[in-house]
1. How many residues are in a helix (DSSP H, G or I), surrounded by fewer than 19 Cβ atoms within 10 Å (Cβ to Cβ) and not charged (D, E, K, R) when one looks only at segment 340-353?
2. Only one of Val62, Val46 is surrounded by 21 or more Cβ atoms within 10 Å (Cβ to Cβ), hydrophobic (A, V, I, L, M, F, W, C) and farther than 24 Å from Gly104 by Cβ; which?
3. Name the residue, out of Glu86, Glu90, that is touching a helix residue (DSSP H, G or I) at 6+ places or on another chain (Cβ under 6 Å), surrounded by fewer than 19 Cβ atoms within 10 Å (Cβ to Cβ) and either small (Gly, Ala, Ser) or within 26 Å of Gly110 (Cα to Cα) (or both).
4. Pick from Ala88, Ala18, Ala66, Ala112: which is over 30 Å from Lys241 (Cβ atoms), part of a helix (DSSP H, G or I) and touching a strand residue (DSSP E or B) at 6+ places or on another chain (Cβ under 9 Å)?
5. Output the residues belonging to segment 377-404 that are under 20 Å from Asn448 (Cβ atoms) and assigned to a helix (DSSP H, G or I).
6. Take Ile65 and decide whether it is more than 22 Å from the chain's Cα centre (by Cα) and within 25 Å of Ala176 (Cβ to Cβ).
7. Can you name every residue in segment 366-405 that is among the small types (Gly, Ala, Ser), surrounded by fewer than 20 Cβ atoms within 10 Å (Cβ to Cβ) and within 19 Å of Glu336 (Cβ to Cβ)?
8. List the pairs whose first member sits in segment 323-350 and is closer than 14 Å to Ala385 by Cα, whose second member is basic (Lys, Arg) and surrounded by 13 or more Cβ atoms within 10 Å (Cβ to Cβ), and whose Cβ atoms are under 7 Å apart, counting only residues at least 6 apart or on separate chains?
Amino acid sequence: MSAPIRDLSPFFAPRSIAVVGAGERPTSSGGAVMQMLRRAGYGGRVVPVNPRGGAIFGYESVTSIAAIDPPVDLAVIVIRPDAIVEAAGEAADRGIRNLLILPGGFAEAGPAGVARNEALLELAAARGLAIAGPNCAGIIHFDPAWRFAATFLRDLPPGAAAGAGNGLAFISQSGALAEEFIDKANARGLPLASVVSVGNAVHLGVEDYLAWLGERPEIGAALLYVESIEDHERFRAVARKVAATKPVIALFGGRTEIGGRAAAAHTGAVANEEAAIEAFCASCGIVRVDSLRRLLIAAKAFGRFPRGLGKRALILSNSGGPGVICTDRAALEGLELAPLPKPMAEVLRQRLPGEASVANPIDLLADAREDRFGLAFEATMSHAASHYDMVLMIHVVPFMVEAGPVIDRLAELAPKAPLPLMHSMMGTLPDQAEWFAKMERAGVPMFNDVEEMAEAAGLLARYPSLRRMARGDILPTIFFRDRKRA
């Protein structure tokens, strides 16, 4: 019987919070948290706690935790480490049971930190506290109906459209990678809706956050950065449950000997062999990636196609070399590049120039304009929609062809297409931002690298079989060394 999912709504969607250590200076931890709450448009009650009192970012502060009236759903603690255990006790006295502790100085900080960590755990057990952190960068959650950000990360993610159900959650054992993911999500238009910096995880680990976010209708896929796992059986049970309905994609750090030593210094992780990590991910139903670059590619792919896609791909190109490179990468990713169905091939042979390649990949030739792209697109949708699971389009822009009309034609056709589409443009692209935005609005993920497009397709194609496995009862045999507690 699986453990019940902890209710983490006080940590992701509290209706009232206190910021213990709040201040006006944006470069202080307390000031940064207050500023991010305001930037996020948090609509709940905010109680700054500062011994000096007065207004802080427009909120009237109180001088002590005892003066918070009535108690709040969540206390965010950003004071010096040696005062945190006492503050946690004061919060418990005031009836505040949920604490988000951002500063470090605990189990990762030598004998004094270990002692402080033990005192915090004893207090929490005695007083019934739930603690996120310490030593973390905070939590951001943008439910379209309720935006919350208790963090000192420097920026906020873009969030996801209301009702889309394709929001991405990133749960990270590295605050720096959380920062990087937010930056890339804003640059690439990824629907990143939730970011969790796990920290020391005295109570709440990766699996707790994954279990809660996996049940949220606004979240379509969960992405993880993991260096260590406390309870592998519980983690696997949670991951399988989530993966049975929505993708879980993970990057594991510390998979090499030297990387394992770095991870041990960072989170106390025990190094694990590559094969063991691979088997463990498979048993969890997790789509595993081996680099941050591929994790970001997966974010783009699953942000548009959260259910994943099948393996049958058609490559439609106007250039031989990029088509070959894309084909190679697609094959290496495990995609199936079946020949064109005969009716489609006949149409293309009749209407394309004789030099064009009527095969998979299709090569429309470099001088292809909107008429040729439109013809191939419509022939695919009319004669091949049941033969393929996706179309990967490649558009190189030579000097003699205007790209704008090609984009206009494809953007017009794309919303009615019965097949999922991805599109890559290569070369010098003077109006790239405009062209990419137009295709993205038409529902087509855009890439400026054909190999990344093929990688995205390959990652999407891995999920359906993992989802079926996660819904079953058979687990692969695995060998995975447990993390040792200090």
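1. Result for segment 340-353: 3.
2. Val46
3. On inspection, the qualifying residue turns out to be Glu90.
4. Ala88
5. Scanning segment 377-404 gives Ala403, Gly404.
6. The answer is no for Ile65.
7. Hits for segment 366-405 are Ala385, Ser386.
8. If the second residue must be basic (Lys, Arg) and surrounded by 13 or more Cβ atoms within 10 Å (Cβ to Cβ), the pairs left are Ala338/Arg312.
The values are calculated or read from the model by the stated rules, or taken from the named source; none is laboratory data. Since we're looking at a predicted model, the values are computed, not measured. Cβ sites come from the backbone with ideal geometry, for glycine too, and all protein chains shown count toward neighbours.
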